[in-house]
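Colleague: Below is one structure. I have some questions about it.
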Amino acid sequence: MARYTGAVCRLCRREGEKLFLKGERCYFKCAFERRPVPPGQHGQTRGKQKDYGIRLREKQKIRRIYGVLEKPFRRYFHTAERQKGVTGENLLRLLESRFDNMVYRSGLASSRAEARQLVLHNHFTLNGQKVNIPSYLLKEGDVIQVKERSRSLQRIEAAMESAQQRGISEWLEVDRDKMQVTVKNLPTRGQVPETIEEQLVIELYSK
């Protein structure tokens, strides 16, 4: 499975804002706060971006937030385009429906990268069945549960504690005792907390 393996903090510096890609560390030891300029020797001297650059950077930012590479991201866009409703909202709903994102939003992982790894390593069941595909799209009523053998994992316990700081998404119902998460509904545009201008992505791909 293809994935980004470079320095994660460079991504935040390149986009000019904190993307919270490293979980709890982003709150206490964030490299972006120490050096909030783009990486590279010319990072501090880059000029004003043009219209295309602004749209490209927004698309790259969304990709990096959700940990999706270019080819699957474009597939999400074309799927959203074919669905009824507003394309930008459909795109965000698809990204939010990913299995790894739901694990992160529920507080069972401290970052989406950690959630992806936990899903791949079979630490969860979905509706009582084995599913280890991070990109699997969940729907309303689906139930995620931590496997019995994984409930004592320190990573999951620490993530559940730190989740109180960032909050748990309101479209998810979390039972901490059973380590179980129920998808009450898929999120609306207003329930996505990140600062995202999805219309710029629509304009980029529509050219």
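The values are calculated or read from the model by the stated rules, or taken from the named source; none is laboratory data. Small disclaimer: the values here were computed from a predicted structure and weren't measured. Note: ideal-geometry Cβ built from the backbone for every residue, glycine included; neighbour counts use all protein chains shown. These area figures cover heavy atoms from the full protein model, side chains too; ligands, DNA and RNA do not enter into them. Shrake-Rupley method; radii C 1.70, N 1.55, O 1.52, S 1.80 Å.
Colleague: From the set of residues in segment 61-74 that are modelled with pLDDT of 90 or more and outside any loop (DSSP other than H, G, I, E, B), which is most open to solvent (accessible area, probe 1.4 Å)?
Modeller: Per the stated criteria, the residue is LYS71.
Colleague: Would you mind finding the one in SER106, SER135, SER110 that is over 20 Å from GLU170 (Cβ atoms) and surrounded by 16 or more Cβ atoms within 10 Å (Cβ to Cβ)?
Modeller: Being over 20 Å from GLU170 (Cβ atoms) and surrounded by 16 or more Cβ atoms within 10 Å (Cβ to Cβ) holds for just one of SER106, SER135, SER110, which is SER135.
Colleague: Go over the candidates GLY128, GLY167 one by one and state the one that is over 25 Å from ARG75 (Cβ atoms), modelled with pLDDT under 90 and not charged (D, E, K, R).
Modeller: Only one candidate passes the filter, namely GLY167.
Colleague: Anything in segment 150-178 that is closer than 20 Å to TYR136 by Cα and either of a type in the set (Val, Ile, Thr) or part of a loop (DSSP other than H, G, I, E, B) (or both)? List them, or say none.
Modeller: Residues satisfying the conditions are SER169, TRP171, VAL174.
Colleague: Could you please find all residues in segment 94-106 being in contact (Cβ under 8 Å) with a residue 24 or more places away in the chain, within 18 Å of THR182 (Cβ to Cβ) and in a helix (DSSP H, G or I)?
Modeller: Answer for segment 94-106, where residues must be in contact (Cβ under 8 Å) with a residue 24 or more places away in the chain, within 18 Å of THR182 (Cβ to Cβ) and in a helix (DSSP H, G or I): GLU96, PHE99, ASP100, ASN101, MET102, VAL103, ARG105.
Colleague: Let me ask something else about it. Here is a list of conditions, (1) in contact with an Asp or Glu (Cβ under 9 Å, 6 or more places away or on another chain); (2) outside any loop (DSSP other than H, G, I, E, B), and ALA109 meets all of them except one; can you say which number that is?
Modeller: (2)
Colleague: Is there any pair with a first residue in segment 117-146 that is closer than 24 Å to ARG63 by Cβ and a second that is among the basic types (Lys, Arg) and surrounded by fewer than 19 Cβ atoms within 10 Å (Cβ to Cβ) whose Cβ atoms are under 6 Å apart and which are 6 or more apart or on different chains, and what are they?
Modeller: Filtered contacts from segment 117-146: no entries.
Colleague: Restricting attention to segment 113-125, report how many residues are surrounded by 20 or more Cβ atoms within 10 Å (Cβ to Cβ) and among the aliphatic types (A, V, I, L, M).
Modeller: So the answer is 3.
Colleague: Now for a different question. Would you please list the contacts, defined by Cβ atoms under 6 Å and residues six or more apart or on different chains, that run from a residue in segment 184-207 that is over 21 Å from PRO72 (Cα atoms) and in contact (Cβ under 8 Å) with a residue 12 or more places away in the chain to a residue that is of a type in the set (S, T, N, Q) and part of a helix (DSSP H, G or I)?
Modeller: Here the result reads none, with nothing in segment 184-207 linked to a residue that is of a type in the set (S, T, N, Q) and part of a helix (DSSP H, G or I).
Colleague: I'm checking my understanding of the structure. Among residues of segment 138-149 that are assigned to a loop (DSSP other than H, G, I, E, B) and surrounded by 15 or more Cβ atoms within 10 Å (Cβ to Cβ), which one is nearest to the chain's Cα centre (by Cα)?
Modeller: It comes out as LEU138.
Colleague: If LYS29 satisfies every condition in (1) open to solvent by less than 80 Å² (accessible area, probe 1.4 Å); (2) more than 30 Å from ASP177 (Cα to Cα); (3) modelled with pLDDT of 60 or more but one, which is the exception?
Modeller: All conditions pass for LYS29, except number (1).
Colleague: Mind telling me which of the residues THR182, THR195 ends up being at negative phi and part of a loop (DSSP other than H, G, I, E, B)?
Modeller: Residue meeting the stated conditions: THR195.
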